[in-house]
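S.K.: Supplied in structure tokens, the structure appears directly below.
The values are calculated or read from the model by the stated rules, or taken from the named source; none is laboratory data. Source: prediction; values computed, not measured. Heads up, the Cβs are rebuilt from the backbone with ideal geometry, glycines too, and the neighbour counts pull from every protein chain shown. Areas reflect the complete protein model, heavy atoms only, side chains present, ligands, DNA and RNA absent. Shrake-Rupley method; radii C 1.70, N 1.55, O 1.52, S 1.80 Å.
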Amino acid sequence: MRRDAAFYSRASGLPVDLRVDSPYEVAKIFRAQHALGIERALLVTVPVPQEFEVPRSDLDQTLLAALAEAESQQITGRELTPFLLSSMSRRSEGATLKANIALLENNARVAASIARSLANEK
């Protein structure tokens, strides 16, 4: 199982099928997918804003320590994610929490831009 908190860093090493750099391009792909009758989800991922990125070396250490702590306390299932988020925030002195909030805000901005692009194409 891969243990990676890729949303804290702009470079995860995870593969993507296609990269686009504008809401217009996302809308265009969505419209083409719909026109072709492709009934699948379109996953759009957005990196954390650069100024809130957690350095990869810090992130790896923080995640490994949080996972070890969870294992030693036998925390699993639906309790694991909130525990890891809390532990990582504490261990990073709030850096991972700030990154999470910045990512959520940026995701909302990008989603609104994509929605505007879709609405303007009608």
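S.K.: To the nearest 10 degrees, how steeply does helix 56-72 sit against the main Cα axis of the chain, on a 0 to 90 scale?
M.R.: With rounding to tens, the tilt is 60 degrees.
S.K.: Next up: So how tilted is helix 80-91 from the main axis of the chain? Cα-based, degrees 0 to 90, rounded to 10.
M.R.: With rounding to tens, the tilt is 70 degrees.
S.K.: Arrange the residues 71, 39 by how much accessible surface each exposes, largest first, with a 1.4 angstrom probe.
M.R.: Working: 71 145, 39 175 Å².
If we order 71, 39 from most to least accessible, we get 39, 71.
S.K.: Taking a 1.4 Å probe, which of 31, 10, 19, 78 shows the most accessible area, and what order do the others take after it?
M.R.: Order by accessible area, largest first: 78, 19, 10, 31.
S.K.: Shifting gears a bit: Give the residue from 64, 44, 75 lying farthest towards the positive end of the charge dipole for the chain; charges sit on Cβ (+1 for Lys and Arg, -1 for Asp and Glu) and the dipole is referred to the Cα centre.
M.R.: 44
S.K.: Taking N as the number of residues in region 22-61, what value does Rg over Cα atoms divided by 2.2 N^0.38 Å take? Before the final figure, lay out each step's value.
M.R.: Values: Rg = 16.1 Å, N = 40, 2.2 N^0.38 = 8.9 Å.
The reported ratio for this selection is 1.80.
S.K.: Stretch residue 118-residue 43 to full length: gain in nm at 0.36 nm per residue minus the Cα-Cα span? List each step's numbers first, then the result.
M.R.: Values: separation 75, 0.36 × 75 = 27.00 nm, distance 1.55 nm.
That works out to 25.4 nm of additional length.
S.K.: Which one, 54, 35, 94, is farthest towards the positive end of the dipole of the chain when Lys and Arg carry +1 and Asp and Glu -1 on their Cβ?
M.R.: 35
S.K.: Output the 0 to 90 degree angle, nearest 10, between the alpha-carbon long axis of helix 95-120 and the longest principal axis computed from the alpha carbons of the chain.
M.R.: 10
S.K.: Can you give the Kirkwood hydrodynamic radius for region 1-103, in Å, rounded to one decimal and based on Cα pairs?
M.R.: Details: mean 1/r = 0.0636 Å⁻¹.
Result for region 1-103, one decimal place: 15.7 Å.
S.K.: Then there is this: With contacts defined as alpha carbon pairs under 8 Å and 6 or more residues apart, what's the relative contact order of the chain in percent? Could the numbers behind the result be given before it?
M.R.: On the way: 86 pairs, mean separation 46.8, N = 122.
Rounded, it is 38 percent for the chain.
S.K.: OK, next. Between residue 17 and residue 74, 0.36 nm times their residue separation minus their Cα-Cα distance comes to what?
M.R.: 16.9 nm
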